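Notes follow the structure.
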Amino acid sequence: MAVREYLRSPVALAWTLCGAVAVGAVAGPGVYLAGQVRTRTAAAEPTFLGGVGELLYLVVILPIIAIAAFVWLPFGAGVARAVGRRTRGSSSSVRESFGAVLDGLPTLLRWVKTRTAVPGLGEYVLTEDDVAPTEVVTGCEPFVVPAVVLDAPHSLERAVDRANRVTPRAGRERLWAGALGATLATAGVGYAAGALVALGVTGGLLALAALAGGLVLTVALDAAWRAEAYASQDLEAGFVR
């Protein structure tokens, strides 16, 4: 259901495409730099610097992943807005969804701050406008972003309250498994095609492009699934457990 709503929403697809470009612009140079560091250190002294190169690669790549996830946040929220409104029977446009995401961006940033606050440091960085991690019911955390962009753009507390009313359901893990499996299969085909056919690009580059595109599509489908699960439930009746 969520996948169908996503594929039928030009606005959600537009958000995904723009998100892929933004994430690629941020992560691409970083991944290239990390690869160069690993290759050159290994070439200089394989027995010793090779291990250092692997360590430096991880040191560079992990912050890149975190930055890419942060960059994706508003685009994932845009996908959630488009799919959520479609699930509720309303239309959405790029302009409308952009306005909604922009309106809820401060609340989304407070949510990210709440999720990433290190124990012991949280009391110094969190304010009364934030929420404590313990306030989110187990299994309901994925629905906070849809709650923000659909119902509570100005109140994180209200968004968490509405997310806590959602009855979690099965299917998200299956979606991830299927999307990641398809991504790996496509990357394998791309690598083989580059190795066997003269395409002008290497198999590794094709595989990397397939992996990047597949991962962006996977998180977009996840955003759509969470939005559809949130928007399809009647949350006014309170908790349903």
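The values are calculated or read from the model by the stated rules, or taken from the named source; none is laboratory data. This structure is a prediction, so every number in the text was calculated from the model and none was measured. Glycine also receives a Cβ, built like all others from the backbone with ideal geometry; neighbour counts cover every protein chain displayed.
So is GLY178 within 22 Å of ALA220 (Cα to Cα) and modelled with pLDDT under 90 or not? Outline the logic, then answer.
Working: within 22 Å of ALA220 (Cα to Cα): yes; modelled with pLDDT under 90: no.
No; evaluated as a whole, the condition is false for this residue.
Which pairs have Cβ atoms under 7 Å, sit 6 or more apart or on different chains, and link a residue in segment 155-181 that is free of Cβ contacts under 8 Å to residues at least 24 places away in the same chain to one that is surrounded by 13 or more Cβ atoms within 10 Å (Cβ to Cβ)?
ARG158/ALA152
Can you name the residue in segment 52-69 that is of a type in the set (A, V, I, L, M, F, W, C) and touching a helix residue (DSSP H, G or I) at 6+ places or on another chain (Cβ under 7 Å) and is also modelled with the lowest pLDDT among such residues?
This residue is VAL52.
Quick one: GLY89 ticks every box in (1) surrounded by 14 or more Cβ atoms within 10 Å (Cβ to Cβ); (2) more than 15 Å from VAL26 (Cα to Cα) bar one, so which box is it?
So the condition that GLY89 fails would be (1).
Any residue at all in segment 74-94 that's at pLDDT below 95 and aliphatic (A, V, I, L, M)?
There is at least one residue in segment 74-94 that is at pLDDT below 95 and aliphatic (A, V, I, L, M).
Has segment 95-108 got any residue that is of a type in the set (A, V, I, L, M, F, W, C), part of a helix (DSSP H, G or I), touching a residue at least 60 places away in the same chain (Cβ under 8 Å) and out of contact with any strand residue (DSSP E or B) (no Cβ under 9 Å at 6 or more places or on another chain)?
no
Quick test of your reading of the structure: ASP234 fulfils all but one of (1) assigned to a helix (DSSP H, G or I); (2) under 26 Å from THR138 (Cα atoms). Name the failing condition by number.
Against the list (1) assigned to a helix (DSSP H, G or I); (2) under 26 Å from THR138 (Cα atoms), ASP234 comes up short only on (1).
So, in segment 186-208, of the ones that are among the small types (Gly, Ala, Ser) and crowded, with 17+ Cβ neighbours inside 10 Å, which residue ends up farthest from the chain's Cα centre (by Cα)?
The extreme case among them is GLY194.
Considering segment 162-185 alone, what residues qualify as being part of a helix (DSSP H, G or I) and surrounded by 18 or more Cβ atoms within 10 Å (Cβ to Cβ)?
Result: ARG162, ALA163, ASN164, ALA179, THR183.
For segment 35-50, state whether one or more residues are closer than 22 Å to LEU215 by Cα, outside any loop (DSSP other than H, G, I, E, B) and modelled with pLDDT under 95.
yes
Within segment 113-128, restricting attention to residues that are closer than 21 Å to ALA77 by Cα and surrounded by fewer than 14 Cβ atoms within 10 Å (Cβ to Cβ), which residue is modelled with the highest pLDDT?
Applying the filter and picking the extreme gives ARG115.
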